[in-house]
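Taking it in order: structure first as structure tokens, then the write-up.
Each value in this text was obtained by applying a stated rule to the coordinates, not by laboratory testing. Please read these numbers as outputs of a predicted model, since none were measured by experiment. Cβ placement follows ideal geometry from the backbone for every residue including glycine, while neighbour counts extend to all protein chains displayed.
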Amino acid sequence: MAAGRAVVEVADGAVRRLRSVAFRRDREASWQRLERLVGRIERDGIDSLGESELVELPTLHRAAVSSLSVARAISLDRSLLEYLEALTARSHFCVHATPSDPWRAFVAFWTAGFAAAVRRSAGPVLVALATVVLGVAIGFVAVVQDLANYDLLVDPGMAQGRDASASVESLRAGLYARDASAVDGLTRFASFLFQNNAQVGILCFALGFAAGVPTLLLLLFNGTLLGAMAALFHLRGLGVDFWGWVLPHGVTELLAIVLCGGAGLLQGRAVLMPGQRTRAGALRAVGGDAARIVLGCVGMLAVAALLEGFFRQLVHEVAVRYAVAAATAAFWGCYFLWPRRTAGEGAA
Amino acid sequence: MTIVTSRRFEGDLRIGTTVAVPTPEGVPLVLTIASYAERVVGLVADFGRIVAILFVIGLVLAPWLGGPLGEALLMLVLFALRNGWFMYFELRRNGRTPGKRFVCTRVVDARGGPLRPLQVVVRNLTREVETWLPIVAIGQPDTFVTSGPGWVRGVAMLWLLVFLVVPWVDARRRRIGDLLAGTLVVREQRGSLEVELAERVARAGATAPRFAFTPAQLGIYGIYELQVLERVLRDHGQESSTLREVARKIARKLGHDADLRAVGAARAFLEAFYQAQRGRLETELALGRARERKRQ
């Protein structure tokens, strides 16, 4: 194509004609300025910048991004291109950083974000609730019909002496423990319960992507355990006392587990029925609400563990126990279902 | 949202998978996906730190460990560390935990926005299942599957392997948590502004030997060769034998009668050629018809 042109390109002359060289000469000072600022942010955080530097940063970033765009089009200097790619990537993460006002996010989450996410996921939550209830029914009926089933359903290590052969007295003592050693163990017990239940809740959520099947099994299994234990106490004439023992903290704890299960099922639904989205896209779309629910549930479980570890071992009046259970149920009912403005949604 | 995935190679060296992430400025960023090995090493580095902290706390709490209070505290610390470590650092350090800093990777939003707190929470809630569970299962199979015949245990173990295999199979090395949160783990890029090669000849002044090239001579090589030559010029000093070898080969290919025997002549020739060739190819690039590689 250049055969007809008699021009000989001389080295010295070519320098002046290279647009990419002039381009670099004009702008490299601002790149280096940006590089210094970014280096400081990466080392000492954004707070180490002064006011004027903070104003300067986005301007320099946009200039660098536009330089990159031009350089990609006109320059064949690979080292320069790689420098600009790296610089703009680094400054991008400084300019478009995680918005962090933890306190406001925290308040918005507990006053609005959590409850709204739960309400939006009413369907899966109800399915999770139904699964737990079904589990309780299965466990209860199975044990009432044949006490031998109890040992099949409840792992001996987990029963802590509440096995099929236990006497009425020992069962009653478990419900109304007040001796010194029991109170001494309370703190440890509460902390164990909390992290154990929180772990189950997180599992319910995390296993949801497997079409929700492990989540349903977990819910059903936990329900069966509860039902089997209730049946054991029922058969010994301690049914009322048992529920008085379970419900003060159980309302909060079971609700939290059901909600976590709902979060898992939300994902299961996204995997099974993604609609017009891709499966990954559908998962991402529900991921936010699912995570909100699980976060909230970890908080609920902390409350439940406190009730379980301290309150239950210290208060032995059945009527008071039922009153507390009713009060927590009313509280959570209002918390989730009370109509409110939705301005805070998406903030957390 | 469009994400372009491509694998970049240079010779037989794999540079890595790159993705183009859209940005608010409208210019896509090209990021390199962190490799599976980098992910594992980063994770181990984080776990190592967690274990070290637990060990120190255990030493501090040692006098009370027999009692219920110490035990309760230790259990809460373990829970908080297991679940909070990654969330805290990915939020406060903008996607970089200490382990990720160690291997120079970071978590980013796949759609080019800021990394939101919820994304961090989502990708770390599933971490429990994806990392701790397989570790526990491999370490203590009996606590994980308490009963059942051997083959049932085998199937359970196989199922756990899924978590380890997912990021290995996915082209963008996303684990389940990344899929849920819409995040990617990318390699941190580093680059320094090197000298402008096309200016060095001018600075060398009139004393340096001059070389001229005809349009036909500049029509042989393409962009790829130009950038290989750039690397050679940047990496080798004045009198390297590689430089002389390259200069001789290029002169032969061009049919150029340059005298390359003098001290520094090889480098001067290559720089002059680089400059002329780059000027020529950049002009063609602007016209939309630059050659990628030399004609065979």
Report, as a whole number in µm² per second, the diffusion coefficient that Stokes-Einstein gives for segment B:226-282 at 25 °C and 0.890 mPa s using the Kirkwood radius over alpha carbon pairs.
216 µm²/s
Tell me, what is the FRET efficiency for A:Leu54 and A:Arg78 to the nearest 0.05, using R0 = 30 angstrom and their Cβ-Cβ distance as r?
0.35
Shielding by partners for B:122-128, please: the mean number of other protein chain Cβ atoms within 10 Å of each residue's Cβ.
6
Note: A:80-88 gets an average of partner chain Cβ contacts (10 Å, Cβ to Cβ) equal to 5
FRET efficiency for B:Leu61 and A:Phe106, Cβ-Cβ distance as r, R0 = 41 Å, nearest 0.05?
0.90
Based on the mean of other beta carbon atoms within 10 Å per residue, what is the order of B:89-99, B:16-26, most packed first?
B:89-99, B:16-26
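Test of understanding: ordering A:Leu203, B:Leu287 by Cβ neighbours within 10 Å, fewest first, what list do you get?
The order, fewest Cβ neighbours first, is B:Leu287, A:Leu203.
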Mind listing the phi-derived Karplus ³J(HN,Hα) values for segment B:160-171, rounded to whole Hz, using 6.51, -1.76 and 1.60 with θ = phi - 60°, and x for any glycine or proline?
5, 4, 3, 4, 6, 7, 3, x, 6, 7, 5, 5
Which residues among segment B:215-246 fall inside the zone where the amide N is under 15 Å from a point 7 Å beyond the Cα of B:Leu287, along Cα→Cβ?
B:215-220
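To the nearest 0.05, how large is the calculated FRET efficiency for A:Arg277 and A:Leu134 if R₀ is 22 Å and r is the Cβ-Cβ distance?
Working: r = 31 Å, r/R0 = 1.39.
Result of the calculation: an efficiency of 0.10.
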Kindly list the residues of segment A:322-342 that lie in the label zone of A:Val240, defined by a backbone N under 17 Å from the point 7 Å along the Cα-to-C-beta vector.
A:322-326
Once amide H atoms are placed 1.01 Å from N in the peptide plane, what residues at a sequence separation of 5 or more from B:Thr183, or on another chain, have their amide H within under 5 Å of its amide H?
B:Ala110
In whole Å, what are the extents of segment A:12-95 along the principal axes defined by its C-alpha atoms, from largest to smallest?
48, 20, 17
Kindly rank A:50-60, A:133-143 from highest to lowest mean number of other beta carbons found within 10 Å of each residue.
A:133-143, A:50-60
Whole Å is fine, so just give me how far the alpha carbon centre of segment A:91-150 lies from that of segment A:203-244.
16 Å
By count of other Cβ within 10 Å, fewest leading, how are A:Ser48, B:Ser35 ordered?
A:Ser48, B:Ser35
Extend 7 Å from the Cα of A:Asp47 along its Cα-to-C-beta direction; within segment B:84-123, residues with backbone N under 13 Å of that point are B:92-93
